[in-house]
Each structure stands twice: as structure tokens, then as C-alpha cells.
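To keep things clear, I will list the structure first and then write my remarks on it.
Rule-based calculations on the coordinates, nothing more; no lab input. The structure displayed is predicted, hence computed values, not measured ones. Using ideal geometry, Cβ is built from the backbone for each residue, glycine included, and neighbour counts are taken over all protein chains shown.
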Amino acid sequence: MSKLRVAVLGAKGRIGSEAVRAVEAADDLELVAALGRVDSLDALTGSGAQVAVELTTPDSVMDNLDFCVRHGIHAVVGTTGWTDERLARLKGWLDLSPETGVLIAPNFSIGAVLTMRFAQLAAPYFESVEVVELHHPNKVDAPSGTATRTAQLIAAARAEAGCAPQPDATTTALDGARGANVDGVPVHAVRLRGLLAHQEVLLGGEGETLTVRHDSLHHSSFMPGILLGCRRVVSAPGLTFGLEHFLDLG
Ligand SMILES: NC(=O)C1=CN([C@@H]2O[C@H](COP(=O)(O)OP(=O)(O)OC[C@H]3O[C@@H](n4cnc5c(N)ncnc54)[C@H](OP(=O)(O)O)[C@@H]3O)[C@@H](O)[C@H]2O)C=CC1
Ligand SMILES: O=C(O)C1=N[C@H](C(=O)O)C[C@H](O)C1
């Protein structure tokens, strides 16, 4: 059986370099290009890449995806910075290339995907919910894509269940003291040397709290999700947002 031809964009970065090794080690995948910021995207078409793994920066990802979709190259995207406006632009490109698939995964680790699912499940049963994400200090964005997505899922679950807005009696606060407000859910971002990628969802009700915590201790935690994304995206045309759609979570 022929191997799936995979390229990595952002190949010298923290996660990109790990992805290069993971693709090289996979029996059913062939690494055909490993590109950095200065390399031409023509290497994608020249190498016959079928899937591009996009692990660059929020300022590069749109141009890279524009190129991939225009050339019918499927994409597995871990890069953050997704807004409604960016998603709409991407969907517009995909409409013109209906056989091409793009997976955007706010987080490729199974533990983080499950954290989001557990938080979504628990959120309607508690009066208060806050998200705390903790990352290495070289991370360019805040809050993390995972924390933003987690808060959006929590807010949607609470709205669907008819929950009242959560109480917050703060009348004075220093700017930022209550974190960022994502759809009504406070999200706090910690940047600390020694950390990699961590998240806590704190839920509080009368006389009890529940904490859902996930820790990525090494970039290897993201690799099974990236490899699964490569294998599945080729038969999933259009936009898939979230790795959970490629997992059988029941
Ligand atoms: N979804 C998930 O599970 C995960 C997502 N991420 C996300 O992935 C992204 C990368 O993170 P991280 O590896 O830590 O960041 P790094 O800064 O370590 O890596 C980014 C790399 O991309 C390169 N780059 C920038 N622009 C381009 C371009 N146009 N073409 C090719 N390469 C380019 C950079 O090169 P240069 O240094 O020259 O600028 C750099 O080597 C972030 O958005 C991060 O949040 C990270 C981990 C997990
Ligand atoms: O930059 C990182 O490191 C990570 N980025 C992603 C995010 O913003 O959620 C995923 C993970 O948290 C690691």
C-alpha cells in the first residue's frame, strides 16, 4: 500500500520538530517536505504532498492554508489564533475546493480533548465555572486556543441547559484581575518557566467544587492526534473543528 505523503510547516518549531520525527517514524506516512518560514510553499506541490501539517504562527497560518486549499492539499492545523472572521474566510476557500479537508484542532492531546468534553458535561450542574490555563513563557498568544475553545463549549452547554449567568459580585477590580471574559466564562492565563501546557477547569456549587485538570508534560502528547488527523482528514472534505470529531468518544 502506498504511503500518505505528508509535509510539515513550522518544521523547526517546538511542536513542528516533534511532528517531523513522528511522521518519519510512522509506517504508513512519508515525510515529503519539512518547511520553515523562509522556504517556498512551492515545495508542497513539488513534493506531491497530500497533507500539510500546519504548526506555525497565527500571522502565517492563513497564507499557508490559502495556498494548501487552492492546490487541493488537505491540512491538519494546530496553530492558534482562530476567530469567526478567519474561520469564515477559510470556509469560503473550501467552498471553492470542495474535495479538500482541513482539520483545525485546538489541542491534539487526548487528555485535553477529554478535559473539554468533561467540562462541557459538568458545566450546567455548577453555579460557577472558571478556566485557568498555564503555559511556557514563549507562547505567543493568550489565552490559549484550548482555553478559548473550552470556555466556548462550557458557555454553549450552559446556554442550552438554560443556566443563569454565573454570579460575580465584583464591584472594583484591577484590569485583568478577573481574567478574560470568553462568552461569559472567566479565563486566566499563567506563563511560567518550567511549564509546557496545562489547564484547569474549576467548577463550584453549593458546598462543593470539582476541578478537571490536564497536563501536557511533553510535546509527544500531541503526536497521536496529529497522526490520526493526517490519516482521517483525507476522507473528511470541508472544515472539521476539533479532534473529537475524528475520535469515537461515544
Ligand atoms: N493544537 C495543539 O495541540 C498545539 C498547538 N500549538 C500551537 O502551534 C503553534 C506553534 O507553536 P510552537 O511550536 O510552540 O511555536 P514555535 O515558535 O516554536 O514554532 C513555530 C515555527 O513556525 C515557523 N514559521 C513561522 N512562519 C512560518 C511560515 N510561514 N512557514 C513555515 N514556518 C513558519 C517559525 O519559524 P521562525 O522561528 O523563523 O519564525 C517557527 O519555527 C502555536 O500557535 C501553538 O499555540 C502548539 C502545541 C500544541
Ligand atoms: O502553544 C502551545 O504550547 C500550545 N498551544 C495550544 C493552545 O493554545 O491551546 C495547545 C496546547 O495548549 C499547547
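Computed quantities for the displayed model
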{"read-out": "Helix axis angle, 145-160 relative to the chain longest principal axis, alpha carbon, degrees", "value": "50"}
{"read-out": "Amide H within-cut-off set for G242, under 5 Å, with H built and near neighbours excluded", "value": "I104, A105"}
{"read-out": "FRET E, pair A173, N138, Förster distance 35 Å, beta-carbon r, rounded to 0.05", "value": "0.75"}
{"read-out": "The range 173-240: Rg to Rh, with Rh as the Kirkwood radius over Cα pairs", "value": "1.10"}
{"read-out": "The range 110-217 shape via C-alpha gyration tensor axes, a/c threshold 1.5", "value": "oblate"}
{"read-out": "Förster-model FRET efficiency, 35 Å R0, T211 and D183, C-beta, rounded to 0.05", "value": "0.95"}
{"read-out": "Compactness relative to 2.2 N^0.38 Å, alpha carbon Rg of the range 1-142", "value": "1.16"}
{"read-out": "Rounded if a/c under 1.5, otherwise prolate or oblate - the range 207-250, Cα gyration tensor axes", "value": "oblate"}
{"read-out": "Nonlocal amide H pairs with A34, under 5 Å, H built at 1.01 Å", "value": "V8"}
{"read-out": "Table column - 3J(HN,Hα) (Hz), the range 16-28, Karplus curve with 6.51, -1.76, 1.60, x for Gly and Pro", "value": "x, 5, 5, 5, 4, 5, 5, 5, 4, 7, 7, 5, 9"}
{"read-out": "Lysines with Cα under 22 Å of K12, excluding same-chain neighbours fewer than 8 positions away", "value": "K139"}
{"read-out": "Cβ-placed point charges (K, R +1; D, E -1), dipole of the chain about Cα centre in debye, nearest 20", "value": "500"}
{"read-out": "MRE, 222 nm, helices only [DSSP H, n ≥ 4, -39500 (n - 2.57), over the chain, to nearest 500]", "value": "-9500 deg cm²/dmol"}
{"read-out": "Whole-Hz ³J(HN,Hα) from phi, Karplus 6.51 cos²θ - 1.76 cosθ + 1.60, for the range 188-199, glycine and proline x", "value": "10, 10, 10, 10, 8, 3, x, 8, 10, 8, 9, 8"}
{"read-out": "Part-to-part distance (alpha-carbon centres) for the range 104-140 and the range 20-89, which is given in Å", "value": "25"}
{"read-out": "Selection from L103, A164, Q199 lying farthest towards where the dipole of the chain points positive, charges on Cβ", "value": "L103"}
{"read-out": "Long-range amide H partners of A197 with built H, under 5 Å", "value": "S216"}
{"read-out": "Charge dipole (debye, nearest 20) of the range 46-94; +1 at Cβ of Lys and Arg, -1 at Cβ of Asp and Glu", "value": "160"}
{"read-out": "Using alpha carbons only: equivalent-ellipsoid semi-axes of the chain, gyration tensor based, whole Å", "value": "34, 18, 17"}
{"read-out": "Under Karplus coefficients 6.51, -1.76 and 1.60, residue-wise ³J(HN,Hα) of the range 119-131 in Hz, glycine/proline x", "value": "5, 4, 5, 7, 3, x, 8, 10, 5, 10, 9, 9, 10"}
